[in-house]
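Colleague: Let me begin by handing over the structure; questions about it come next.
The values are calculated or read from the model by the stated rules, or taken from the named source; none is laboratory data. What you see is a predicted model; the values in this text were computed from it and never measured. Every residue, glycine as well, gets a Cβ built from its backbone with ideal geometry; the counts of neighbours run over all protein chains shown. SASA here: full protein model, heavy atoms, side chains in, ligands and nucleic acids out. Shrake-Rupley method; radii C 1.70, N 1.55, O 1.52, S 1.80 Å.
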Protein chains: 4
Amino acid sequence: MIKVGIVGGTGYTGVELLRLLSNHPNAEIVAITSRTKADTSVSDLFPNLRGHLKLRFTEPEPIRLADECDVVFFATPHGVAMDMAPKLVVRNTRVIDLSADFRLSDPTIWEHWYGRPHAAPDLLTEAVYGLPEINREMIRQARLVACPGCYPTAVQLGFLPLLEQRLVDPSQLIADAKSGVSGAGRKAAMGALLCEASENLKAYSVSGHRHHPEIIQGLRQVSQSPVGLTFVPHLTPMIRGIHATLYARLQKEADLQGLYEQRYAENPFVDVLPPKSHPETRSVRGSNMCRIAVHRPSNGSTVVILSVTDNLVKGASGQAIQNMNLMFNLEETSGLTNIAIIP
Amino acid sequence: MIKVGIVGGTGYTGVELLRLLSNHPNAEIVAITSRTKADTSVSDLFPNLRGHLKLRFTEPEPIRLADECDVVFFATPHGVAMDMAPKLVVRNTRVIDLSADFRLSDPTIWEHWYGRPHAAPDLLTEAVYGLPEINREMIRQARLVACPGCYPTAVQLGFLPLLEQRLVDPSQLIADAKSGVSGAGRKAAMGALLCEASENLKAYSVSGHRHHPEIIQGLRQVSQSPVGLTFVPHLTPMIRGIHATLYARLQKEADLQGLYEQRYAENPFVDVLPPKSHPETRSVRGSNMCRIAVHRPSNGSTVVILSVTDNLVKGASGQAIQNMNLMFNLEETSGLTNIAIIP
Amino acid sequence: MIKVGIVGGTGYTGVELLRLLSNHPNAEIVAITSRTKADTSVSDLFPNLRGHLKLRFTEPEPIRLADECDVVFFATPHGVAMDMAPKLVVRNTRVIDLSADFRLSDPTIWEHWYGRPHAAPDLLTEAVYGLPEINREMIRQARLVACPGCYPTAVQLGFLPLLEQRLVDPSQLIADAKSGVSGAGRKAAMGALLCEASENLKAYSVSGHRHHPEIIQGLRQVSQSPVGLTFVPHLTPMIRGIHATLYARLQKEADLQGLYEQRYAENPFVDVLPPKSHPETRSVRGSNMCRIAVHRPSNGSTVVILSVTDNLVKGASGQAIQNMNLMFNLEETSGLTNIAIIP
Amino acid sequence: MIKVGIVGGTGYTGVELLRLLSNHPNAEIVAITSRTKADTSVSDLFPNLRGHLKLRFTEPEPIRLADECDVVFFATPHGVAMDMAPKLVVRNTRVIDLSADFRLSDPTIWEHWYGRPHAAPDLLTEAVYGLPEINREMIRQARLVACPGCYPTAVQLGFLPLLEQRLVDPSQLIADAKSGVSGAGRKAAMGALLCEASENLKAYSVSGHRHHPEIIQGLRQVSQSPVGLTFVPHLTPMIRGIHATLYARLQKEADLQGLYEQRYAENPFVDVLPPKSHPETRSVRGSNMCRIAVHRPSNGSTVVILSVTDNLVKGASGQAIQNMNLMFNLEETSGLTNIAIIP
């Protein structure tokens, strides 16, 4: 059994890690930390875990975590992992970071978006971007994996085949993305109140969102060319789910449906739907799947890709476990065979 | 008092007409018809109207409606108004049609999308498209007004100033539109069940939606050039509201914010928000406002317009009453001063 | 025009007062205060008010409020009104308090539930409990009205006729009440997040809720006997609405339906539904109505009363305006004829 | 592997059986029938099952089902199982019926509530009521198990310890129950539309509900005395979940908390919460748990029990599998260790 530690277990990606890892056949949670909830029983905070998990939250102590754990997940706000990860990695405990700390390879860009210098620029070079559909082999060898953000996962998986094959104009990409409210995390913010966010829909951060540079970095890598992306995120009245609606201008003819099916054939968590399909976010709720449909309205020059994920699973905790499975030579799907809940 | 009749009062646009007209200072509802509910008291079907409206549903009889009413609203599925409207108009009763029957000026296109020949092609020529922000003066004189669909209202009001001034490439427009479930009408359809539509989001009709030709027709008229539009509607888990996110490629520089403010200055139901704003659908819930924000991310070549309406008010019944006010020389805002309900 | 001031206009009862008063034919809002938002335009905080209200929030200053206003509403947390109201009343400005400060006539009980001594015990004696269906004549004369809480309104209106006629055992009353989340107010509390409160239902405060003594006080007054009440409030996944399901043991036979209809015949905001009805909370959403249905399952000894209100209207701001209308000899329904929004 | 057939797999209890059985370590789904969807791939109807289940719907043919299956689940409307079950049982295929056909032991009462004579009164005598917390040993031996309804499960588990110990007056029980909309099944009914059922709450069937006689039958059995129960079901705006709030009059003192903990100690799917708790429906969403809290407000004579389940799991499909596990000598929890999804 792989011994797992979780730093910052009180948020939504934390409780989702707990839900998924509690039933993982090859992993055992041995430590979970929270400064604010130290000594509280985990199942007092999350009653769904009653009877499944007996742990209490502890203070985060890197040395002890390194001693006890084969791998440590960070489900923390940005700024925590970059301080603690070096102490773990140096002691041969692997790190899977769900926060933004190691996603951007350029520390200058990181500083620009997060407002302070990066604390571990050396590790930044070593960190592997944890999108298995692109970096599977590098992840297997990684000591430190930076899990992609929720929007970047859905958007990159949607655009990937088009850009790899240089079928579309990379300077005119549009990603209109819709997210459930859990993407904002478990904090008492006015805009996330039921009375503010339900029966309501709005765009936000149109002039700039922290996931924008991350998506750009990923798309540029696969297209090997500069990328122009208009990214508009929207807050929608549901708990979980991301629906990315992607628009691109075709510059070459191709069998798009065939291309997508082939590209993802060996990827257990990307499901290319039949032609004319419209994936629903609920078809992946609670599961690690990304479902994609390819459209070309009126056979014109605009391709429309629909890509859905559960932001807390494939967009965060599920993908983190998928990375763990790869890092420890387990079945990629181990512990991730949950079926989405419908209705 | 203007004597008003409503044909087809059992759907969502019907009950919304009732809600708004019951408190209209210059109008009186004298007849409301429904084949299936004839003789039922209206407030038995819609208990919110108890104490406000004493009418019963009656069978739809055009001659009697013409005798009793100054104006008749059609809140029916397509195919009803085109049969009955001629009998009313010829008897000098004006008609405001909320259905699709008179929206498309070309009967061939109508037939293509609705699957049967148009029953009143002559009236089609006379019908005025009831978007006051474009056709205000023609509406004042009209005998027959075709109210725009819900998506077309939000999309056209958003694109209008850009196309009138030829600032953007009309061949590369994108409208990513999100609608509440009430847009599907009050019928027992599986996909509109709470258990299917809540906690869920999906695109639909990506390969073609009936509102597409209507939007194209309107945009072509104002741009006086061919128009290429990719239109992707989405079903979102809320009752009311449309959020249209519009993308266009700038081909000329301009003060976009100033342009929008000026264009809509004299239009009481279009509210251009300050720069950097993100309109929320709930800010118009139950009201006849359309709120618009203008963005140009990173000062690049893509303009992003955010346009929100309540699909049942400015997208249907409120706009119908706005048209009535114009046709009868009332204040344009008469009976439409309801404030949106927050929270 | 009655000159109105509002202290504490940033919460949900505040914005609801603004929505209703902005369209009131006999009242004009001249001042609205908020310590935290002083100088902010009201419509920046509540965009639904754009175009309807031009005021800015100001610092709360009792003397100036007394000078400018005929009446001042308090839409504040408890503890504010009891400090400021005396300064207004003494200057002949009437006060309508939506908070809990003047609801409990016994200052000892108030201190027990609110954890500090009452600051204005003299005024407490004078304050009139603002439930017009019981105290209409006293309200007309009042200088200071204490508006009932949301649960107490729905529960008292439901039990009232039974207790006045001594038809049921007052020692065995049960009120199982379900509330929308807006009852918790507009504050960033974890439990009110969409991700915590939607797709979820729970009871709370079963061992004691601050509305319990208020309901007891009211029921005891009308029954003129001690009252035993089990009160269980529930948080339900919707924004607005209270549904009180009331259980009582019959001790005398009577025509219950007739009794309720007669009791509320002259009360414009209580609607007794026909026998066998099940009132829906949405039938009063946004309106000042309370709708009640009377049941006696299997003709047994247990009476079941169903009573619904909008917690922000009849349960708070609408009722406050109803009280204002009475205090200023206006039509009781003035400014309160809004029809509930369905759907 | 136990070979499983499902009759009527297109409803919500059907897809929930599929979700749970697809991951069951000891069972294999070999047949799933639907008259209306015969030949359709199951995953075309329920896209969450893509990649997990390759079956197609077939016509329901009892002989073939008996040949192929060790056990057949009926997830059908009432009236189907009582026709087909005899043909299966006689061929040694066991039957687990999720419908109402075999729940009421008295065929006269069945006929009264379901409007036709019972088709298999002999089997009715043999059928075991599938509430393992009462009938565990009989279930192990049963050929035909009648799974309890969703309300009856939550209500009986809540009242059980009190009635077994004769602590409360059995003639004055009250069950105020709140259900998510999925309890109404997957059918296109007007009242279950998102636009009708969301942002809304109402009681229904106050004068009589089909689950009433079932609950009475169960409670009478454990209390061994006549039972008087007032049962008021409510429709609440969420997909899944039942919250039963139960009221009873104490007639004897006892350690209620200890009693409940002891009564359910050996029952893996009943979780008695610590004193003062308020169980949330989401704490069991997607899981087979029933969580119960025991309250005695003000230490008075009224006991309040809060009991929550997921109506589709412990209230239907999960309980059916729990019964299967018992019938086939598997671990009672086999295939049922899913953790509830929060958020």
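Colleague: Condition test on residue C:74, is it within 30 Å of residue B:280 (Cα to Cα), in contact with a strand residue (DSSP E or B) (Cβ under 7 Å, 6 or more places away or on another chain) and buried (at least 17 other Cβ atoms within 10 Å of the Cβ)?
Modeller: yes
Colleague: Please give the number of the condition residue B:123 fails out of (1) surrounded by fewer than 24 Cβ atoms within 10 Å (Cβ to Cβ); (2) under 15 Å from the mean Cα position of the chain (by Cα); (3) in contact (Cβ under 8 Å) with a residue 24 or more places away in the chain.
Modeller: (2)
Colleague: Here are D:217, D:221: which of them is surrounded by fewer than 17 Cβ atoms within 10 Å (Cβ to Cβ) and either among the β-branched types (Val, Ile, Thr) or more than 9 Å from chain C (Cβ to nearest Cβ) (or both)?
Modeller: D:221 is the lone residue from the list that is surrounded by fewer than 17 Cβ atoms within 10 Å (Cβ to Cβ) and either among the β-branched types (Val, Ile, Thr) or more than 9 Å from chain C (Cβ to nearest Cβ) (or both).
Colleague: Of the conditions (1) closer than 21 Å to residue A:194 by Cβ; (2) assigned to a loop (DSSP other than H, G, I, E, B); (3) within 9 Å of chain D (Cβ to nearest Cβ); (4) not β-branched (Val, Ile, Thr), residue C:282 fails just one. Which one is it?
Modeller: Going through (1) closer than 21 Å to residue A:194 by Cβ; (2) assigned to a loop (DSSP other than H, G, I, E, B); (3) within 9 Å of chain D (Cβ to nearest Cβ); (4) not β-branched (Val, Ile, Thr) one by one, residue C:282 breaks only (2).
Colleague: Count, please, the residues in the range C:195-207 that happen to be more than 17 Å from residue D:177 (Cα to Cα) and facing another protein chain (nearest Cβ under 7 Å).
Modeller: Residues flagged as more than 17 Å from residue D:177 (Cα to Cα) and facing another protein chain (nearest Cβ under 7 Å) within the range C:195-207 amount to 5.
Colleague: Moving to a separate point now. On the basis of being open to solvent by less than 20 Å² (accessible area, probe 1.4 Å) and free of Cβ contacts under 8 Å to residues at least 60 places away in the same chain, does residue D:340 make the cut?
Modeller: It is true that residue D:340 is open to solvent by less than 20 Å² (accessible area, probe 1.4 Å) and free of Cβ contacts under 8 Å to residues at least 60 places away in the same chain.
Colleague: Quick check on my filter: what residues within the range A:42-58 are touching a Lys or Arg at 6+ places or on another chain (Cβ under 7 Å) and either more than 21 Å from residue A:185 (Cα to Cα) or among the hydrophobic types (A, V, I, L, M, F, W, C) (or both)?
Modeller: If the condition is that a residue be touching a Lys or Arg at 6+ places or on another chain (Cβ under 7 Å) and either more than 21 Å from residue A:185 (Cα to Cα) or among the hydrophobic types (A, V, I, L, M, F, W, C) (or both), then A:42, A:45, A:57 are the ones that fit.
Colleague: For the range B:280-313, which residues satisfy the criterion of being more than 18 Å from the chain's Cα centre (by Cα) and within 16 Å of residue B:175 (Cα to Cα)?
Modeller: Once the filter is applied, which keeps residues that are more than 18 Å from the chain's Cα centre (by Cα) and within 16 Å of residue B:175 (Cα to Cα), the range B:280-313 yields B:293, B:294, B:295, B:296, B:302, B:303, B:304, B:305.
Colleague: Then there's this: Scan the range B:8-16 and give yes if some residue there is within 14 Å of another protein chain (Cβ to nearest Cβ) and of a type in the set (Phe, Trp, Tyr), otherwise no.
Modeller: Yes, the range B:8-16 contains a residue that is within 14 Å of another protein chain (Cβ to nearest Cβ) and of a type in the set (Phe, Trp, Tyr).
Colleague: Let me ask something else about it. Please specify each residue of the range D:287-320 satisfying the condition of being within 14 Å of chain A (Cβ to nearest Cβ), among the hydrophobic types (A, V, I, L, M, F, W, C) and either part of a helix (DSSP H, G or I) or in contact with a Pro (Cβ under 6 Å, 6 or more places away or on another chain) (or both).
Modeller: D:293, D:306, D:308, D:313, D:316
Colleague: Follow-up question, since we're still on this one. With the structure loaded, tell me whether residue A:155 is under 30 Å from residue A:299 (Cβ atoms), in a helix (DSSP H, G or I) and within 15 Å of the chain's Cα centre (by Cα) or whether it fails that test.
Modeller: Here the answer is yes, as residue A:155 does meet what is asked.
Colleague: In the range D:260-278, how many residues are surrounded by fewer than 24 Cβ atoms within 10 Å (Cβ to Cβ) and at the interface with another protein chain (Cβ under 10 Å from one of its Cβ atoms)?
Modeller: So the answer is 8.
Colleague: Residues in the range A:40-65 that are open to solvent by less than 80 Å² (accessible area, probe 1.4 Å) and more than 13 Å from chain D (Cβ to nearest Cβ): how many?
Modeller: Residues in the range A:40-65 being open to solvent by less than 80 Å² (accessible area, probe 1.4 Å) and more than 13 Å from chain D (Cβ to nearest Cβ): 7 in total.
Colleague: Among the candidates A:63, A:96, which residue alone is in contact (Cβ under 8 Å) with a residue 12 or more places away in the chain, assigned to a helix (DSSP H, G or I) and among the aliphatic types (A, V, I, L, M)?
Modeller: Among A:63, A:96, only A:63 is in contact (Cβ under 8 Å) with a residue 12 or more places away in the chain, assigned to a helix (DSSP H, G or I) and among the aliphatic types (A, V, I, L, M).
Colleague: Report, by residue number, each residue of the range B:2-22 that is open to solvent by 10 Å² or more (accessible area, probe 1.4 Å) and either of a type in the set (Ser, Thr, Tyr) or at pLDDT below 95 (or both).
Modeller: The answer is B:8, B:10, B:13, B:22.
Colleague: In addition: Residue check, residue D:192 against (1) touching a residue at least 40 places away in the same chain (Cβ under 8 Å); (2) more than 11 Å from chain C (Cβ to nearest Cβ); (3) in contact with a Gly (Cβ under 9 Å, 6 or more places away or on another chain); (4) not acidic (Asp, Glu), all met but one. Which one?
Modeller: (1)
Colleague: Here's something else I'd like to know. Please indicate, with yes or no, whether at least one residue in the range D:227-246 is outside any strand (DSSP E or B) and more than 10 Å from every other protein chain (Cβ to nearest Cβ).
Modeller: yes
Colleague: Also, quick follow-up: Identify, by number, the condition in (1) at pLDDT below 95; (2) outside any helix (DSSP H, G or I) that residue A:125 doesn't meet.
Modeller: Against the list (1) at pLDDT below 95; (2) outside any helix (DSSP H, G or I), residue A:125 comes up short only on (2).
Colleague: If a residue must be in contact (Cβ under 8 Å) with a residue 40 or more places away in the chain and in a loop (DSSP other than H, G, I, E, B), how many such residues does the range D:80-91 contain?
Modeller: Of the residues in that region, 1 qualify.
Colleague: Something else now. Specify the residue that is least open to solvent (accessible area, probe 1.4 Å); the eligible residues are those in the range A:179-210 that are more than 30 Å from residue B:310 (Cβ to Cβ) and touching a strand residue (DSSP E or B) at 6+ places or on another chain (Cβ under 9 Å).
Modeller: A:186
Colleague: Right, another one. Filtering the range C:164-207 down to residues that are in a loop (DSSP other than H, G, I, E, B), at pLDDT 95 or above and among the hydroxyl-bearing types (Ser, Thr, Tyr), which residue is farthest from residue D:277 (Cα to Cα)?
Modeller: So, considering only residues that are in a loop (DSSP other than H, G, I, E, B), at pLDDT 95 or above and among the hydroxyl-bearing types (Ser, Thr, Tyr), the one farthest from residue D:277 (Cα to Cα) is C:171.
Colleague: Looking at (1) in a strand (DSSP E or B); (2) farther than 30 Å from residue B:125 by Cα, which is the one condition that is false for residue B:72?
Modeller: Evaluating residue B:72 over (1) in a strand (DSSP E or B); (2) farther than 30 Å from residue B:125 by Cα leaves (2) as the failure.
So that you can scan it fast, the table gives a plain yes or no per residue for (1) at pLDDT 95 or above; (2) out of contact with any strand residue (DSSP E or B) (no Cβ under 7 Å at 6 or more places or on another chain); (3) under 24 Å from residue A:181 (Cβ atoms):
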{"site": "A:274", "(1), (2), (3)": "yes, yes, no"}
{"site": "A:277", "(1), (2), (3)": "yes, no, no"}
{"site": "A:282", "(1), (2), (3)": "yes, yes, yes"}
{"site": "A:286", "(1), (2), (3)": "yes, yes, yes"}
{"site": "A:296", "(1), (2), (3)": "yes, no, no"}
{"site": "A:310", "(1), (2), (3)": "yes, yes, yes"}
{"site": "A:315", "(1), (2), (3)": "yes, no, yes"}
{"site": "A:321", "(1), (2), (3)": "yes, yes, yes"}
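Colleague: Okay, next question. Looking for whichever is open to solvent by 10 Å² or more (accessible area, probe 1.4 Å) and at positive phi here; the options are B:143, B:166. Which one fits?
Modeller: The unique qualifying residue is B:166.
Colleague: In this structure, is residue B:89 within 21 Å of residue B:1 (Cβ to Cβ), out of contact with any Pro (no Cβ under 8 Å at 6 or more places or on another chain), of a type in the set (Val, Ile, Thr) and surrounded by fewer than 24 Cβ atoms within 10 Å (Cβ to Cβ)?
Modeller: no
Colleague: Just name the residue that is least open to solvent (accessible area, probe 1.4 Å) out of those in the range D:249-258 that are assigned to a helix (DSSP H, G or I) and in contact with a strand residue (DSSP E or B) (Cβ under 8 Å, 6 or more places away or on another chain).
Modeller: D:256
Colleague: Of the residues that make up the range A:335-342, is at least one more than 10 Å from every other protein chain (Cβ to nearest Cβ) and within 15 Å of the chain's Cα centre (by Cα)?
Modeller: The answer is yes, given that some residue of the range A:335-342 is more than 10 Å from every other protein chain (Cβ to nearest Cβ) and within 15 Å of the chain's Cα centre (by Cα).
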